[in-house]
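None of the figures in this text is laboratory data; all of them are computed from the coordinates on show. Please read all numbers here as calculations on a predicted model, not as lab measurements. Quick reminder, even Gly has a Cβ in these numbers, built from the backbone with ideal geometry, and neighbours come from all protein chains shown.
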Amino acid sequence: MELLAPAGNLEMVKAAVDSGANSIYVGPRGWSRRRDAYELSDEAVREAIVIAHDGGAKLRIAVNTNMQSREVPPLLEKMQTYVAWGVDGAIMTDLGAIAHVHRRFPDLVIHASIGANILNNEDVKFYRSLGVTQVVADTKLTLRELASRKSDIDVGIEILIHANKCYTYLGKCWMSPYHRLERGVDPFGKDLFKGSPNRGGLDHRVCLEAWELYNGTDLLEKRVELKNDAFFLLDDIPKLIDLGVHCLKVQGREYPVPLVGKIVKFYRELIDAYLAHPKEESFDLTEWQAQLMAIQSPRDAARTRTTLALLAEARQPVVSSAAPL
Amino acid sequence: MVRAGAGCTPVDVDGGGAMKSFELNTTISNRRNLLESDLSPFDAVYLGNIYCRLYEQNFLERLDDLREGIARVKEAGLKAYVTTYAAPRNNFLPKIRKALEVAASVPADAVEVHNLGVLRMAHEEFPGLKVHIGGFANVYTDAGAQVLKEYGAQRVTPNYELSLEEIDELARAVDVPAEILVHGKMPLGISDYCFLLDYEEKWGIKCPTLCQLDLFVKKDGWAMRSAGKGIMSGKDVCMLEHLPALLRSGHWAFRIEAAYETPAYRQQIGQVYREALERAMADDSYAAEERWWEVVRAHAQIGLCNGFYFGKTGMEYLGVQSGALASFTGRPTAVD
């Protein structure tokens, strides 16, 4: 059982390793599903690999944007560098990029990202044929669907245990760039597509706006919710371990380092306690629920602050939206 | 009623002939809508609603209707395509398999798939069936389109986030036709959760007619069209000004997205685009006519946009008409 933790900076890599993560994922600047502030330069990626390996953990590289066609060759060059530095796996979304990376680095473990939005067993088989060996399960899937996947296909299953559960299926939503998209190339030639989570990593979370609902021009409801909640899994963790899922993944590169450290430590201890308890005895989650409540409150406060800032940013005019070519 | 389509348009969907001109197609969710629609502006129709299994009499759930619908569309001289669900879970697959069987047996002229698992099913179990890739399949790169071509894809709607420049490059690099949404509400997302169901009692309107209200979520100048599980652009994507550029780039498959629109919308907007495309093909000095704009304006409640085709925020409109058409408020006057 792999506990996979996020890192939006080197300090977080260290904190996650020290808190008991089996593996860490980081995103190179411009190439993963978070804004660039929570991504790493290549030099920092190299250091992250060293920190992870020194702590006995693996380092996964998240290159899970839907890039442009012209960005696939530079991605392969970057992957060449990361593989040479000893990266342990890649988290990817674009099916063409996956096919190329697998052909070039056949031994590299490729995780199909949440952004690939793999929803059914036939989907899994498709990605498996491209060389994917681990698949992140959509947050809307049921335990029954996961059990079917586990029994039907030789593939590693990754479950998000701390993440956002969107109104839409993740990876099948472009509400955010419909409202604001800012193009801009970084000094290394990567278009950041700010406003498009699928392409660049900054999601304005417009679903969380205080929407009114109209029938034509008639106001029907003053407030409707396109629900998007952050969640912690707890009750399902023992069931998921029993089911034989391969990886439990914590999201949250944008959260404060101490908070991520606490979340990782909580899940490390929970997993270890469950694995150590006698199988014939029931596992009491009461104590764990109390601990989780203490983490949830600062997490919710941090998330609310971030959401309000993202929505405010979405209302700002795009200063330079010319396609940078 | 279904009326004969514009079969005179020389279209070679298979890509093997020299008569290639253009194909104008649209979407129809159920039998009632098919019977009420005048399809004369169109060359092809996608049958089925991709968002919800509970959509009223969805072709994809009523296989006798689907069989009849394919036959009616073909009898009218149009190509009949069968679309499939945008986000199918395991429990959707048996019904999708049956819809593919119907499509293969009648036969339909192609199926549209938005899910790579369904593509795999079609490729392995129905090898004679032509496959178009839909906009929810997330084709962003030429490398991705190449993979799908190897799985039998004969046409690709790239993800709506791509610019025309990216689409042109992709289509050229992989030598696969790209289908372009030229008018209508651009899909923005798909959910498994219909928030409208929370209001059935309060409004006294039940599923499956609930999502057929004229629903928009709005806030401080923002607007999106809601269909419960499906969410679309509030503004209508409009490429009327830019048709010559699309044709010059070699595109020929054009879609009027009308899954949640009225038969009048489908017919009137379709007629505008048929005339406009024919004009653009014949006349180098093409300019959109004011009477076309009047129709377009009348049907766009929130305004017009160009989606992501010019590499900008999706709800922006670019072009000489931008000042007049980018946004307007209130219910426009109906067009006869």
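What is the packing order of peptides A:94-100, B:155-161, B:72-78, taking the mean over residues of other C-beta atoms within 10 Å and listing the highest first? Walk me through the intermediate numbers first.
On the way: A:94-100: 26.3, B:155-161: 23.7, B:72-78: 19.0.
In descending order of packing, they fall as A:94-100, B:155-161, B:72-78.
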*segment A:247-325 and segment A:49-89: distance between their alpha carbon centers, rounded to Å*: 23 Å
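Tally Lys/Arg at +1 and Asp/Glu at -1 over every other residue whose Cβ is under 10 Å from the Cβ of B:Glu275; what's the total?
Numbers: positive: B:Arg274, B:Arg279, B:Arg291; negative: B:Glu278, B:Glu289.
Counting the neighbours of B:Glu275, the net charge comes to +1.
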_Calculated on alpha-carbon atoms, Rg and Dmax of chain B in Å_ = 18.7, 58
_Top of B:Ala280, B:Ala223, B:Ala110 by mean-square fluctuation, Gaussian network on chain B, Cα under 10 Å_ = B:Ala223
*asked:* Can you return the lysines within cross-link range of A:Lys265? Criterion is Cα-Cα under 24 Å, with same-chain partners fewer than 8 residues away left out.
replied: A:Lys14, A:Lys58, A:Lys165, A:Lys239, A:Lys249, A:Lys279
*Compute the Cα gyration tensor for segment B:35-137, then decide on rounded, prolate or oblate, letting a ≥ b ≥ c be the square roots of its eigenvalues: rounded whenever a/c is under 1.5, prolate when a/b is larger than b/c in the other cases, and oblate in all that remain.*
prolate
_For A:Lys190, give me every one of the lysines with a C-alpha distance below 24 angstrom, ignoring sequence neighbours fewer than eight places off in its own chain._
A:Lys78, A:Lys172, B:Lys312
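Can you check what the Kirkwood hydrodynamic radius comes to for segment A:144-257, Cα pairs only, in Å to one decimal? Intermediate results must be reported in sequence, preceding the final value.
On the way: mean 1/r = 0.0578 Å⁻¹.
It works out to 17.3 Å.
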_Apply the a/c threshold of 1.5 to the C-alpha gyration tensor of chain A and tell me whether it is rounded, prolate or oblate._
rounded
*Label-point separation, B:Glu278 to B:Arg172 (7 Å along Cα→Cβ), nm*: 3.1 nm
*asked:* Net charge within 9 Å of A:Glu221 by Cβ-Cβ distance, Lys/Arg positive one each and Asp/Glu negative one each, not counting A:Glu221 itself?
replied: +2
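Convert 20 °C to kelvin, take the viscosity as 1.002 mPa s, use the Kirkwood radius over C-alpha pairs of the protein assembly as shown as Rh, and evaluate the Stokes-Einstein diffusion coefficient in µm²/s, rounded to a whole number. Display every interim value, and only then the final one.
On the way: Rh = 25.5 Å.
For the chosen part, D equals 84 µm²/s.
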*What ranking, highest mean first, results for peptides B:23-33, B:98-108, A:278-288, A:296-306 when packing means the other Cβ atoms within 10 Å averaged over each residue?*
B:23-33, B:98-108, A:296-306, A:278-288
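Helix-only estimate, please: 222 nm mean residue ellipticity of the protein assembly as shown, summing -39500 (n - 2.57) across DSSP H runs of length 4 or more and dividing by its residues, to the nearest 500. Spell out each step's value before the answer.
Numbers: 21 runs with 234 residues, N = 661.
Calculated at 222 nm, the ellipticity per residue is -11000 deg cm²/dmol.
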*Reduced Cα scattering model of segment A:1-117, Debye log10 I(q)/I(0), q = 0.15 Å⁻¹*: -0.58
*How big is the gap, in Å, between the Cα center of segment B:248-266 and the Cα center of segment B:67-121?*
19 Å
_Averaging the inverse of every distinct alpha carbon separation and then flipping it gives the Kirkwood radius. What is it for segment A:219-300, in angstrom units?_
14.9 Å
*Using +1 at the Cβ of each Lys and Arg and -1 at the Cβ of each Asp and Glu in chain B, identify which of B:His183, B:Phe254, B:Val118 lies farthest towards the dipole's positive end.*
B:Val118
*Return the lysines within reach of B:Lys79: Cα separation strictly under 27 angstrom, same-chain partners fewer than 8 residues apart disregarded; answer none if there are no such residues.*
B:Lys20, B:Lys95, B:Lys98, B:Lys130, B:Lys149, B:Lys185
